[in-house]
Structures are given as C-alpha cells and as structure tokens.
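Reading through the structure tokens given below for one structure.
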Amino acid sequence: MLDCQRHLFDMPDDVVWLNNASQGPLLKAAVAAGHVGVERKAHPWFVYRSRVEEEADKCRDLFAGLVGATGSDIAVVPATSYGVAVAAANIEIPAGRRIVALESQFPNNLYAWRIRAHQTGAQMVEVARPEDGDWTAAVLAEIDERTALATLPPSHWTDGAAIDLERISDRCREVGAALFVDATQAAGAMPIDVGRLQPDYLVASGYKWLLCPYRLSFLYVAPHRQDGRPVEHAKWNCGAVPPDGAHHRGNDAPNGGTRFDMGERHDPIALTMGIAALRQLNDWEPAEISATIAPLTDAIAEGAAEHGLSFPARPHRVPHYIGLRRPAAPFTEDVGRKLAAQNVHVSMRGDSLRLSPHVYCRPADVERFFSALDAAAGG
C-alpha cells in the first residue's frame, strides 16, 4: 500500500474528491510539464519535431507498462470512441452472428456496435444485470459459437461491478470470437495483462484513472490486427498510396500500433503532461494503487450497509470504485448537486451514486461523504 499521495496534487484540504471515475485531477508534475509544453508551442522555432516523436513513443512505452504490452503495440488516440471506431472498421461481423455487450454499458462502447449490427445483419445481445451480481456468469452464458464479438469492460461503469475478463477471454478463444476491451475504468487503477487477456483491441481514455489531459488516450492493438485499416489516412500510416487509390496502404506503411494513431498525434503540450502522469503511475504500480484504494471503498461499503444502501458485494466488484443504490426510494437527481454544495464530489450514474477515490483520498473523506449524504438525502 501507498501512503496518501495528496501532496502531489493541487487539492485544497476541504475538497473531498470521490469522483476520479469521471475526472482524474492532474498531478502537479503534469501541470508543470503542461506549462513547458505551452511555452514550446508559443515558441515553435525552438521545437524539433523529432523530439515530439520521441515523446509520443515514450507515452506508448509508459502506457504499455501499465497493461503488460510493448510500446510498439500502442496507438495514440484522442478518445475511447476512436478506439472503438478502429475496432469496428476491422472486426468482421457476419450476418446472423452475435455481438455481446452489457446492458447500460458505457455508450462509447455500445452505440458503434449497435450501428455495426444493423449494417451487417448481426444480432446485438446486451446482457441484463444479474440479480445475484455475477456479471461474469451472465456474460459467459451468452457467448457461444454464434458469437462474433464480445465488447466489454473489466467493470460496469455505473457501480464497479466486476467482470472476469480472463474467463471470458478463454471462452471467446474457444468459440472463435473477437474480444474488445474498454479499460477506461481500469487501466492505471488495477493490474491488467494483455498477454493473459489476449484481446484483439483494448482502449483507455486518459483523463480518468490515467491522470492525463483530455485528448490523450491509448489503444492496444494485438499483433494479428496490426495490418488493419486505420480510420484516418495520412502519409505516416498509409505509405505511398497510388494516385488511383487502388490500395488502402502502400508497402512502405508501418505495421504496429502507430498505424492507428490519430491525426496531429505530436501534440507538444499533451504528450509532455502524459509522460509525467504515466511515469508516476508506473512508479506507484497498478497493484499498489489498487491496494491503496481498496480500504477506502471497503469503508464506503461498510458505511453504505449501515445506511441500508445496496452495492456490489465482494468478490463481484473492483477495488477502486463502488456504486450505491437506495432500494426503497432511489436517490433523486439533485443529490450530487447537494453534495457538491458541501464540497463533497461524487457522480450519479443511472440510479447509482458512484464513488471513486484515488491515492489522494483519506479515511476522513469517507466520513465526510456520509455526513454530507445524510444532510443531502434526508438521513
């Protein structure tokens, strides 16, 4: 476990930020790096493109270290939706086959697949929330020889309910189905090993648990997918395309994750900030981050039980965030606003009040939350 790391963030003492799953605050080191990046953009005559290219590769390497990959497998992308678009452009979904997802899954990893199913005549299967809380068993029951793709997160974004992707990956390989993983609510906060999961693609937005700025996200592309079609076409990922456009790529275009990079990937501001953030996460290590946050979510679960609230129970929830529900009378939409007025910040996600602490949180923050909740929600 890590000691409280609040001193590395510009966070006033009276702020209770239990909302990292919505927005990770920037590290002081990342803010300082951002200032350096702004100065470079203000004075571009001092910036050498080769240096920014090296920084993009450094970000790839650092993200790869968090998920058990190699830097050459990583694309620099602007958002989860971009990674989904890459996968949707390259995974074959024949007519009559099935795409398996979760009910009320995060929209960025749902809408594109609904459109793809409509286009190809495939069937969209959105697994209903299981009454016993065991999402893994519910998903496994829907994966069979008809399945072309399982597109899933390691946990449900509304409440932290866990999905065992290792078991699901094994089943996908048994039936010949592709696996797409949206790791936005996991990468950087808990151990992930793409060598074990063997996904076709894995994407993570950077501005949450990766503590990066907006517009800096990462896509892992499995080696057998690295000759695919990018969603943007440029000299650096298509090579010398003939004038008649006969080929979607030239023979000199690279394979590897860089093939799927976004346009304007060499951002002199975001990359410097990303390096600072990802370097710190690697120093902390995801296993230690998870072990540090887990006692806080356990304390939240204990307090929630005393308040008569429901939540995903161990072992069916991830260690780093948790969603609370009030069965008798669901939370009203304004409860988040009332909590924020007391400088306690959480998220309403569906009927779930989602709490997502990080290494800057303290046990006293959990106590503050329940006191504020009693005032906001009437005890």
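The values are calculated or read from the model by the stated rules, or taken from the named source; none is laboratory data. Small disclaimer: the values here were computed from a predicted structure and weren't measured. Heads up, the Cβs are rebuilt from the backbone with ideal geometry, glycines too, and the neighbour counts pull from every protein chain shown. Keep in mind that these areas ignore ligands, DNA and RNA; they rest on the heavy atoms of the full protein, side chains included. Shrake-Rupley method; radii C 1.70, N 1.55, O 1.52, S 1.80 Å.
Does Ala21 meet the test of being of a type in the set (Gly, Ala, Ser), touching a residue at least 12 places away in the same chain (Cβ under 8 Å), open to solvent by less than 70 Å² (accessible area, probe 1.4 Å) and assigned to a helix (DSSP H, G or I)? Walk me through it before giving the result.
Values: of a type in the set (Gly, Ala, Ser): yes; touching a residue at least 12 places away in the same chain (Cβ under 8 Å): yes; open to solvent by less than 70 Å² (accessible area, probe 1.4 Å): yes; assigned to a helix (DSSP H, G or I): no.
So Ala21 fails the test.
Being open to solvent by 10 Å² or more (accessible area, probe 1.4 Å), under 20 Å from Ala21 (Cα atoms), among the charged types (D, E, K, R) and touching a Cys at 6+ places or on another chain (Cβ under 9 Å) narrows it down to one residue among Arg362, Arg325; which is it?
On the way: Arg325 fails: touching a Cys at 6+ places or on another chain (Cβ under 9 Å).
Exactly one of Arg362, Arg325 is open to solvent by 10 Å² or more (accessible area, probe 1.4 Å), under 20 Å from Ala21 (Cα atoms), among the charged types (D, E, K, R) and touching a Cys at 6+ places or on another chain (Cβ under 9 Å), namely Arg362.
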Pairing a residue in segment 299-321 that is surrounded by 14 or more Cβ atoms within 10 Å (Cβ to Cβ) with any residue that is modelled with pLDDT under 95, where Cβ atoms lie under 6 Å and the two sit 6 or more apart in sequence or on different chains, gives Leu309/Arg326; Ser310/Pro327; Pro312/Gly133; His316/Gly133
Out of everything in segment 204-233 that is in contact with a Lys or Arg (Cβ under 9 Å, 6 or more places away or on another chain) and assigned to a loop (DSSP other than H, G, I, E, B), what residue ends up being surrounded by the most Cβ atoms within 10 Å (Cβ to Cβ)? Gly206
So Ser347 clears everything in (1) polar (S, T, N, Q); (2) modelled with pLDDT of 95 or more; (3) more than 18 Å from Ala162 (Cα to Cα); (4) open to solvent by 20 Å² or more (accessible area, probe 1.4 Å) except one condition, right? Which one? (4)
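Can you go through Ile163, Ile192 and tell me which one is in contact with a helix residue (DSSP H, G or I) (Cβ under 9 Å, 6 or more places away or on another chain), open to solvent by 20 Å² or more (accessible area, probe 1.4 Å) and closer than 30 Å to Tyr360 by Cβ? Show your work before the answer.
Details: Ile163 fails: open to solvent by 20 Å² or more (accessible area, probe 1.4 Å).
Answer to the check: Ile192.
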When segment 24-40 is examined, which residues are found to be touching a residue at least 60 places away in the same chain (Cβ under 8 Å), farther than 26 Å from Met348 by Cβ and either surrounded by 20 or more Cβ atoms within 10 Å (Cβ to Cβ) or not aliphatic (A, V, I, L, M) (or both)? Leu27, Ala30, Ala33, Gly34, Gly37, Arg40
Within segment 286-318, the residues that are touching a helix residue (DSSP H, G or I) at 6+ places or on another chain (Cβ under 9 Å) and closer than 30 Å to Glu54 by Cβ are Pro286, Ile289
